[in-house]
Structure formats: structure tokens, C-alpha cells
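Here's the structure, in C-alpha cells; my notes come after.
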Amino acid sequence: MSLIMPGPSQSPRVRFAALVAAWLLAGCESFEPARYATVESVRVGPAELFHGLPVETGQIVVNEKPGGVSLFLSLVGERFEPWIHAGIVVVEDGRPWVYEAFGLMMPNLSGNPNDGMRGGVRRVSLESLIVRGGYVEIHDPPVGVDREQLAAFARQHHSARTRFDAYFDAGDSTRLYCVEYVARAIEASGGKPLASIGVNRNASLRVALDWLKIDTDELLVAGTLVSPQRRVIRISRDDTPEQMEFYFAMKRELHRRFTTGQKLGSLLRWNRQSLRLSAPVAAYYDAGMAALAADPGAVTPDLDRAAEELASRMFGPVRDRLRRSAGDEVAQRGE
């Protein structure tokens, strides 16, 4: 379900040039495991392939990049799922690549930003996906999936230049968003159909989806493509495994509090085609990571309870009305 939006500090021309450069140069970056806080693997792979990590054709890679876009996409689903992007790993000529459906939001001074989105199925090096930042996990495919058929499906849509679906319509087979692309590949390769989840009925969110022309009642989400039991590798440049897990617990708590009557603007702000966290939500994430660094025992082993207690201290108990901080509302769970 991936999309990239340019930052607010650059002119449209500069942002456009940066996006094109990123598109053309994908695959040229270098991944250096020694510089990463987390590089975990459940088994050893051939050293000559990818830094001794067990990367294989047919694996599923998922990605989470903390920030406004990530939180927004997670709020769209009525059930929380942790990951926002997915792709298919294929080893070709001794090098691991990722086939992914990827959308780029081009400069658009007015109107619906999704109308200006471009992109489609592309192939990038696994290295380039990792160095984008955020959290990365690689999982074995579901039971029954033929890995070579999965790879063949990935290549077929790459060759066909299948376009990215900016409107997330799983009924439109001529365009695919990232999770839909991987889900259809799994189904075409012997796997069971991926179950969709309902769209959050929050009224404020519905206004945003209508503006983006996303008219659907169900979504395919990256979290249902993978499971902890099939995880092979996880990677983060800046965060430890404990920090990664607590981040997801904090994000899950925000989703739990975002019920039907809450305002999307209490969690996110839109600034020149860039979706950012509101100040209180950014402070919530920062406080959680700081607490974990200061005293890991203060938030473990029950990460969900720790995230709930932190949110209650910062935003008020769930029974309270919405509180304002620095002019921003913070969503609470309705009772």
C-alpha cells in the first residue's frame, strides 16, 4: 500500500527531480549491516549472496516507515495491522531483487493528490529497499506457495508495466497497489486467497478518503501477508528489536483510540503535499522510545499495557474528553 510524498521544504521542480532520480537510481545504494542496530536472522545463508543472510526467491518482504503516511494508512483499516508496504524477493544472477507495486506522488498544486500519482510494478535491489529506512522484515511465503510461480508472476507484471492503483480498488485488475500485487501473486502460486479487512467507519477519515477518491469498503493489508512464525530476517538501521516492537505497540494503541467520533486532524496534519504527525503524536512516540532507552524493564514484558499507560499519561484516560495540546487535538477511545 505504498506511496511516496515529497517533503514540504523543496520547490515542486526540485521535488520532481528528486523523485525521478530516486526512481532511476534505485538499486545503487549500499547496505552495511555493521552500521545497523538490528540485523537478525533465524538461520544462516550463503555469505556470497547477501551478507550471510538467508535470502531466497519467493520470500515476502514487508516494510514500515514511521511517520504520517504510515499512521494514516494503518487507520484506514478497521483492524490494526502493522506493516504498510510489501514486495516479492527474487534472486536473479546471484543478486536479490524486490518486485513491488510502487506509487510516486508527483507535484500537484491543487486538487486531489492521488490524481497526480504515477508508478507501477518495478524491480529494485533489496539493498535499496532496506536503505530507504524504517523497519524491514523478510518472511517465507505461506504454505503451499510455489516460489518459482510466485517469481514468474512478479516478472510478468513487471514486463507488462502494470500500473500502480492510487485508489486501492482491488476489483480493478488493470492496476495494482502493493499489497494487492503480492496477494494476487500468492493466490496465483498455490496459496490461499488473502482475507481483506473492512475500512474504518470513522467519519473524519471518510472525508479524507472521499477527497482521495478511495471508494472501497474493504482493503488488502500487508500485515496479513506474513506471520511471526514465518519471519526469517528483520532489519532496522536505528532501532533495536525491542524498540521496533514497542513502536508497533504504541501505533496499535493510537489505532485503538481512533474510534468513530474522533478527528483525523488530531493525529495528522497536511502540509504542502506532505502528511505529518501532529505534535502530540510525535511527542508520544518520542517519549515511548526515550522511556525504553532509559529503563527497558519499564515497558516490558507487556508492551501493549505500557503503550496504553503512556497514552493515558500524555493524552488523558480513555474516559476523558479530547484534550488539546499546542493547538492539536488528540484522539481518545470512546466508551
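Descriptive notes on the structure:
- Scattering from the range 60-173 was approximated by placing one identical point on each alpha carbon and applying the Debye formula without solvent; log10 I(q)/I(0) at 0.10, 0.16 1/Å stands at -0.34, -0.89.
- Among the trypsin sites (Lys or Arg not before Pro) in the range 118-211, those placed in a DSSP loop whose Cβ has at most 12 other Cβ atoms within 10 Å are Arg161, Arg201.
- Charge dipole (the range 187-294, unit charges on Cβ, about Cα centre) - positive-most of His255, Tyr285, Gly265: Gly265
- Net lengthening on full extension, Arg201/Glu78 (0.36 nm per residue, minus Cα-Cα): 43.5 nm
- Loop-located trypsin sites (Lys or Arg not before Pro) in the range 264-303 (DSSP state other than H, G, I, E, B) with a sparse environment of at most 15 neighbouring Cβ atoms within 10 Å: Arg272.
- Computed from label points 7 Å out along Cα-Cβ, the spacing between Asp304 and Asp93 is 4.7 nm.
- Radius, Kirkwood style, for the range 3-236 when every pair of distinct Cα atoms is counted (Å): 18.3 Å
Computed from the coordinates by the stated procedures, all read-outs in this text should not be read as laboratory data. No experiment lies behind these values; they were computed from the predicted model shown. Ideal geometry is used to build each Cβ from the backbone, glycine not excepted, and the neighbour counts take in all protein chains shown.
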